[in-house]
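Quick notes on the structure that follows.
Throughout, read-outs are computed from the coordinates displayed, never taken from laboratory work. Because the structure is a prediction, the values reported are computed rather than measured. Heads up, the Cβs are rebuilt from the backbone with ideal geometry, glycines too, and the neighbour counts pull from every protein chain shown.
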Amino acid sequence: MTATPILEMRGIDKSFGPVQVLRQVDFTANAGEVTALVGDNGAGKSTLVKCVGGIYPIDSGDYLFDGKPVTVHSPRDASSLGVEIVYQDLALCENLDIVQNMFLGRERTRGIVLDEPTMEKMASETLDRLSVRTVKSIRQLVASLSGGQRQTVAIAKAVLWNSKVVILDEPTAALGVAQTAQVLELVRQLADNGLAVVLISHNMNDVFAVADQIACLYLGRMAAQVKATDVTYSQVVELITAGRSGDLGLQAAAVAAAGNGNGSHDAGVTDLGDMNGAQ
Amino acid sequence: MRAGPSQEEIRRQNLGALLRQVHVHGAVSRAELTNALGLNRSTIGALTADLAAAGLVREELPKETGRAGRPSLVVRAESERIFVYALLIGVDRLVAARIGLGGEILDRRERQRGRGEFVASDVITPLAEFVNEMHRKAPEESTCVGTGVAVAGIVRREDGLVRLGPMIGWVNEPLGTALHEVLAMDAPTYVGNDADLGALAEHIRGAGTDSDNIIYLSGDVGIGGGIIAGGRPVAGHGGYGGEVGHMVVNPNGKPCICGARGCWMTEVGEHALLAAADRQGIGREGILAVVDAANRGDALAQAAVRDVGDWLGFGVANLVNIFNPETVIFGGTLRDLYLAGAAQVRSRLNRNGLPACREHVRLRTPGLGDDSSLIGAAELAFQRLLADPLDVGAPATQPAESTV
């Protein structure tokens, strides 16, 4: 825990026109750990992740990678650092097979032709390393895969490039029970293999099943980033919905400020019912 | 004072350590062995030669190292030549596998069976058939060095007597002796509790390889526990320990088949979940159906998953306070229960576990999937070979007296 976090965001501010979406957000992710990023709709999870991924430039604050300050202007900068994001829509091409998808846009070549044997070998080695047993052939078209298998391919694609940080946006949202279990085990496996994994999820069971740390955003502020061994389900729900829980989280003044400052968001009612239903 | 170990004893010890290294970590170069065992190069060379002469390992040139200099030879287990049979007697399935040195599953047979009580011969006959089938297909020059059996019951270590198998209706069933007679092999037969063997396998090859304090929980109808503390299995005086399913968590709870009330398994087992959700069903499908209903918004199913998750957390918190494990592994159907109710399990653990005991505990699902106990049975059968490789590994020169 004392080791330098592989990814550290300090005091991040981000506005879109008059709307300030992130205020002084601190966020860290350690290698070998799953850090869950939770928050209500509009709390700023996606914006924060897009700042990390280089899609949005940050207005102010520090982006530290492996302890060193870096500047990230584009997704290409982020991926050259070793940060990969798997979005909810997965961005896979149905008409291509697994290997083609994993190397899409970054194909290996030998001379002027594609180096199919090497790509095939790398793809199957990556799937093996993740203990993926559900995919029969790596030459299957993605169109023929189930939702869980597609998620697996998208995740394998992200870790193929010696990535150090993998960010997963709601990886289990569209999956059935059995496939959710497989994807959760895969998420855990990634971290146990030494990667820093950031998991965005609305499902508290998924979060508690795999996370080592839980970062709770509340109306654009980081309410708290806590160890999963220290908090209970209801504390996390309070952090998400009220920004504080006992000693944890934002203090009263900050909560009020966050509520007033974020004009675009109706701060009054948060969807507690949905959080309960999520399990 | 006893004199120090003789040179011969040290050599046997080192042979065992080297073979174990190759068995557990797969193909290893001589250079890596030198580092791992802390022996010098020539000793490693001599030990490897002895093991190779006994037909336990072979040496190969590595494919490509990409580095300059003469490559170190790679030592590989003779998986095809040296193998064991691993058998699993579960509540609703029978599995038999031929597993090579190094842990590779060479062949396997599986049969589902109905729930309920049965006599021992009902499983011994089909298992013996499986083994005979696989034996006929095994290469001629290969050697079976033992048979390991995992069974959901309380097992006497010395002779494989099943003292009690509540879910299968066994009392004092001499499983080990009976199987050994039917299989008619020179190699010995060992029987172990399925959860103990699951813990062993996960420690060697699964989710617990980097921790020495592990609790493996196996769930089917009941709940079993395998405990490894300080790198060693904790089984108690007669080998009967680890019956965590009969830890009383709710003295006013439901009656348990053991005669007590409110045992852990009555609160978190499959029956508890299905009863709370008011559903029919069996095994993993039954559990997944409830979890699925909960995800789709069925209030009764949600409450059932929450309650069972909470009770699961109570028991885990007790175990964490007593054993301070680094890793708790949820096997069998507990895997699905844990993943579905993790928020409750964790919350209860964080509330009831002492901070010092729980701060580094990792909750995991098995790295070996549903095969933990089966692979554990194989590891049990390999133990004698790994303790004294030359005594067991060369049956041609060491005739019948090598059987226990």
Stokes-Einstein D for the stretch B:209-366, Kirkwood Rh over Cα pairs, 20 °C, 1.002 mPa s (µm²/s): 137
For A:ILE167, distant residues with modelled amide H under 5 Å away: A:GLU84, A:ILE85, A:VAL86, A:VAL198
Three-way shape label, the stretch B:296-387, alpha-carbon gyration tensor, a/c 1.5: oblate
Chain B: relative contact order as a whole-number percent, Cα under 8 Å and 6+ apart: 16
Helix B:194-205 axis, angle to chain B major axis (alpha carbon atoms, nearest 10°): 50
Proximal charge balance of B:ARG58 [Cβ under 14 Å; K/R count +1, D/E count -1]: -3
Size of charge dipole - chain A - debye, nearest 20, with Cβ of Lys, Arg +1 and Asp, Glu -1, no other charges: 480
Principal axis dimensions, largest first and in whole angstrom, of the protein assembly as shown by Cα: 87, 71, 61
The stretch B:209-366, relative contact order in percent, only Cα pairs under 8 angstrom and at least six apart counted: 23
Peptide-level mean, for A:206-217, of C-beta atoms on other protein chains within 10 Å: 3
Candidates B:PHE118, B:PHE314, B:PHE130, ranked by Gaussian network fluctuation over chain B, Cα under 10 Å, top entry: B:PHE118
Where only alpha carbons of the stretch A:91-162 are counted, the Rg and the Dmax (Å): 11.4, 36
Shape of the stretch A:129-212, Cα gyration tensor, a/c cut at 1.5: oblate
Test item: B:345-354 mean partner chain Cβ contacts at 10 Å: 4
Folded to 0 to 90 degrees: helix B:7-25 orientation relative to chain B principal axis, Cα: 60
Cα-based reach from A:LYS45 at 30 Å (exclusive), listing lysines while leaving out same-chain residues under 8 positions away: A:LYS14, A:LYS68, A:LYS157, A:LYS164, A:LYS227
Fraction of beta bridges assigned by DSSP in chain B that are antiparallel (%, nearest 5): 65
Length-normalised contact order of chain A in % [C-alpha pairs under 8 Å, at least 6 apart]: 25
Estimated dipole of the stretch B:1-151 in Debye, rounded to 20 [Cβ of Lys and Arg +1, of Asp and Glu -1, Cα centre]: 380
Euclidean distance of C-alpha centroids, the stretch B:81-157 and the stretch B:200-253, integer Å: 22
Residue with peak Gaussian network fluctuation, chain B [Cα springs, cutoff 10 Å], from B:GLN383, B:GLN302, B:GLN280: B:GLN280
Residue of A:LEU114, A:LEU168, A:LEU127 that the Gaussian network model of chain A assigns the largest fluctuation, springs spanning Cα pairs under 10 Å: A:LEU114
Using a Förster distance of 51 Å, the FRET efficiency for A:SER146-A:VAL19 (Cβ separation, nearest 0.05): 0.85
Three-way shape label, the stretch B:154-216, alpha-carbon gyration tensor, a/c 1.5: oblate
Of B:ILE329, B:ILE282, B:ILE105, farthest towards positive along the dipole that unit charges on Lys, Arg, Asp, Glu beta carbons give chain B: B:ILE329
Cα-centre dipole for chain B with unit charges at Cβ (Lys and Arg positive, Asp and Glu negative), debye to 20: 920
For the stretch B:7-77, with +1 on Lys and Arg beta carbons and -1 on Asp and Glu, the positive-most of B:VAL22, B:GLY55, B:LEU73 along the dipole: B:LEU73
Between 0 and 90°, nearest 10: helix B:283-295 axis offset from chain B longest Cα axis: 50
10 Å Cβ neighbours from other chains, averaged over peptide B:335-342: 6
